[in-house]
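Read-outs: derived from the displayed coordinates by stated rules, not from any lab. Keep in mind that this is a model prediction, so the values were computed, not measured. Methodologically, a virtual Cβ is constructed for each residue, glycine included, from the backbone with ideal geometry; neighbour enumeration extends over all protein chains shown.
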């Protein structure tokens, strides 16, 4: 396959210190596209191999050298198609959830990996001592990283760019949290961008792999350059004209959602005990823009520029420079914990960035700890002096760094809300699905997102089926359950395609399946249409589901925390609502061709996954 | 020697995992008493042995397994003589200063070591994996400490007491800072008490020694019990009657000094650029008592109870429970950095306690960094977003934990002000002597303490010759240099005796050499008088000096930062003053019988040190 792809993947065995190139057949590429899709294909093959060896993947330890970590780009990555600097990272097993590991990152690393000559990297094994990998103009090397160990993401990136004399190189790395094998550690790139969920950083740390630096001059060849150029122009135009991608996100960043979601009575507060945050304005995108913004910082090739460079120059937590925070981080660190202090949010988010941790999981777990504490379930000596009341900004900031180093009560924060709430005897206070802390939309106010949380393969997640685009930002009735199964299915499958393309999910506010066909077609030379692409997305979603079934995840895990199913929303515009999950789930399984969360044989055959 | 001592010392070689008991002859005990004196005697013998092997102790690495670490009590420790729960810790070499390592700690560990059956412990070598030592009722064991590694001082102490089922056992341990070999790491005991200066925690960490737990029922035998009992009563009475030990320290803790020293125009502010802190009241002992005190927490056997249990229940940095802060910590973290925020001071001090770091060195180094930053000498990228302005409380709190983990700019804080200021090209901004950051009294306002800082064996230190007791709390003219050489010499030698006894230096506000003779005499059965004891103190001071001479420390190092010698105090009650060190030093050397900072042969012979 000479178009769109570099047609070269790298497989590294860190135990042996060996690496080799391999390529993927056009048939498989068309079936799985790239990015997440190809990673899932490779993971499935690997699991099959492990099972043949008699290894039980359900009991498999996520931090064992045998875990597989994959960095992947797709045909769109690194092209002039807008917002195509991203990459996808997957692990066979997540140390946080015990199921599949998956994260998607902005920045420029994805594009740079392609320019270095590779579509993706598959890592297995564990180096004896810390190492990093350089891939520069097609040359792969494994280097000693003893001196980098302990460095944070800023230092690691700066040091490697200096050492290789490549100022604009992409560096993906772990911070101390990944080294310390914290289950919610992330893989950072470009200092402030993360493959952020399911603990991929700990998997990288368990391999003694500190960083991967990539740089090069190679460019993917476009099959139909003229047609592609025309479509790029059209797509850019559509993005500029769209209210969300042309105005909302550029102006206020993702934090534009704080006020919108709060006004809809859906901003989880006090660990989801309520959803009305009277002080949300203080942590809104508007406030961020007026009082904390330095300027925008777009990813490679981005025409939206939701990224923020920020500072805190008054009140507490003065900070001269950092990036973010995003909507999810603001909510998790500041909203769910009810502290509404933007300076503290920025500082805690900065710690997450430099130490390499997922702010959604950190913030949500702190909020859960605050509710445990409110209910008197944490012995005072466990807190070592921390005042763990809702609204205490300092506790959030303190526990964030403590989690990265397993210090004091930070130990439990780093373990995630599921393990923590189980330990303290209140599993129902853990607001997660499949072990992954849920993001910032209470599904009692938008039923589709509830179905998506419940059925999302990697756990409680908004970016595998963002029905909010239709239910809150669009015209779909948010309270009804009617039609939400279909909505969720389409969003999930479309998202699988986007994350396999690989470019930015935010494009989908303005661009639909037709436009994705207009990108992928001219790039690859394939005659693809929206139907094929949606089926491709469905295939990827299903194969991922087949992998998590192997990990023991079935229909029983496609659920929501009891609070969302049984406790009526106490106040605000969504008052009185709960999530009638059972009805939606039944319809969803029927549409999916799944039985108790498991793809039926017919569906497997239909999608060519037999 | 059957009285006062347990007459048993433990020598542990961690490389070999071997230990043996040894005893010390009565002749040596009488010459060096115990504690610091005996430790210095043992270090001198060890250095002689190393030199015979051809090892150059001047170039010796403080973190090498060959460094010797000594925990020592004296004849008074563990008796009913007041305030005798303390112990002294020494290392042949300090990782912070490159000279001798020395620290004295409160708590109960010293008394408990004696009750366990030992006067002291000598540690050499390095364990292959983390270990801890238990000494319980005379039984010594070395245990695996892999699971303790990473734990902070509270967790380590709690865990070990639980494991050995000894609720009141003494636990000396290192926190993460010691494990991470931070040059200003301390050895903690009883969670909030520290052998705090010259980086002893890093020496312990370099040996892979996490903790020593001690407990037992043995008691030192008193030679003349009746006489001793009478003197104990008299001494307690004198302590109660004394204004400092009977009223000031019990009521306000050591922080009583904040207002006193500030009113004398001696409280270093903005890294010693001035000494007038208009907001000192906010961080005073009075404020601590009124707004943050829970109650007092005396050391074992203490009748003064300067120790504080504290909390922060309003404003920032809410904390439900911690201990301290002491005057020095308050000044270093809050005064020298001009942040005057007691909540932040308490939090930063708490981090020092749980992570195991010296708040004087941490705070002073941060203050020096703030001046470097003020003068534009730190490149912005080195700060990684930290707003390093004088007065920024958050920067102090943040850099404190960052120092323990070598994170970001915390790396330079952990290295100490000397290395940091050299690195940034402004060595004169480092307010230390011999590499040890000076404490909270500007000697331009009390000349004697300046001479003591300059000539102190371990570096810039107040607790080796606290002339402040005479110059500020007593009647001696603080500005004159006349008589300060003799004053300093006497204070230094007396202090050497106190730290060899071993009990609390605060006794000396109320008790003099005669009273020390009244303790040591009845305990040991020796006929000692104040002259003998002062000579003993002189002997110890001189042998310590002979050790630091071996490390390359001579007259050139008996100096003060240029600022104190040349810059007139700009304002306040000490305005216009500098320290005329040369005059005092000449007189001091003459009194000491030293030439260029080196004891003369005559003096060595006179003291029986040949």
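Miscellaneous remarks
- Geometric descriptor of the stretch A:123-245, per residue, is 148 Å³ (volume of the convex hull of the Cα atoms).
- Net length gained if the chain between residue B:595 and residue B:16 were fully extended (0.36 nm per residue, minus Cα distance): 204.3 nm
- Neighbouring Cβ atoms from other chains, within 10 Å of the Cβ of residues in A:351-357, number 2 on average.
- Share of Cα-Cα pairs in the stretch B:74-173 lying beyond 19 Å, as whole percent: 51 percent
- Taking other C-beta atoms within 10 Å as the exposure proxy, A:453, A:321 rank A:321, A:453 from fewest upward.
- Spin-label proximity, residue A:237 to the stretch A:484-523 - amide N less than 15 Å from point 7 Å beyond Cα toward beta carbon: A:511, A:515
- Sites residue B:58 and residue A:422, calculated FRET efficiency, Cβ-Cβ separation with R0 56 Å, nearest 0.05: 0.50
- Within 10 Å of each Cβ in B:385-391, the average number of Cβ atoms from other chains: 5
- Label-to-label distance, residue B:48 versus residue A:263, with points set 7 angstrom from Cα along the beta-carbon direction: 8.5 nm.
- What separates the Cα centres of the stretch A:316-361 and the stretch A:21-46 is a distance of 36 Å.
- Seen from every direction in turn and averaged, the convex hull around the alpha carbons of the stretch B:273-317 projects onto 4.9 nm².
- Helices in chain A, meaning DSSP H runs of at least 4 residues, each add -39500 (n - 2.57). Divided by all residues, the mean residue ellipticity at 222 nm is -11000 deg cm²/dmol.
- Three semi-axes describe the equivalent ellipsoid of chain A; taken as square roots of 5 times the Cα gyration tensor eigenvalues and ordered largest first, they are 33, 28, 25 Å.
- Derived from the Cα gyration tensor, the three semi-axes of the equivalent ellipsoid of the stretch B:466-607 are 29, 21, 12 Å, largest first.
- The mean sequence separation of alpha-carbon pairs under 8 Å and at least six residues apart, normalised by the residue count of chain B, gives a relative contact order of 15 percent.
- Length-normalised contact order for the stretch B:1-95 - Cα pairs under 8 Å, 6+ apart - percent: 26 percent
- Taking other C-beta atoms within 10 angstrom as a stand-in for reagent exposure, B:421, B:173 fall in the order B:421, B:173, fewest first.
- Long-range tail of P(r) for the stretch B:208-299 (Cα pairs > 15 Å, %): 74 percent
- Reciprocal of mean inverse Cα separation for the stretch B:247-436 (Kirkwood radius, Å): 16.5 Å
- Computed over Cα pairs, the Kirkwood radius of the stretch B:365-460 leads via Stokes-Einstein (0.890 mPa s, 25 °C) to a diffusion coefficient of 176 µm² per second.
- Label-reachable residues, the stretch B:105-127, where backbone N falls under 15 Å from a point 7 Å from residue A:381's Cα toward its Cβ: none
- Full extension of the segment from residue A:167 to residue A:226, taken as 0.36 nm per residue of separation minus the current Cα-Cα distance, would add 18.0 nm.
- P(r) weight above 16 Å for the stretch A:1-103, C-alpha pairs, percent: 62 percent
- Spatially, the stretch B:82-155 and the stretch B:250-278 are offset by 33 Å when compared through their Cα centroids.
- Distances between equivalent label points of residue A:17 across the copies, with each point positioned 7 Å along Cα→Cβ, amount to 3.0 nm, shortest listed first.
- Label point of residue A:138 (7 Å along Cα→beta-carbon): distances to the other copies' equivalent points are 7.8 nm, sorted ascending.
- Take each residue of peptide A:152-163, count the partner chain Cβ atoms within 10 Å of its Cβ, and average: the result is 2.
- Distance between the 7 Å Cα→Cβ label points at residue A:610 and residue A:30: 2.0 nm.
- Computed label-point distance, nm, for sites residue A:582 and residue B:290 using a 7 Å Cα→Cβ extension: 6.3 nm
- The stretch B:9-215 pair-distance distribution - Cα-Cα, 5 Å bins, rounded %: 1, 8, 17, 22, 23, 16, 8, 3, 1, 0
- This ranking places A:585, A:419 by how few other beta-carbon atoms lie within 10 Å of each, fewest first, which gives A:419, A:585.
- Evaluated over the protein assembly as shown, the Cα radius of gyration and Dmax, each in Å: 33.1, 106
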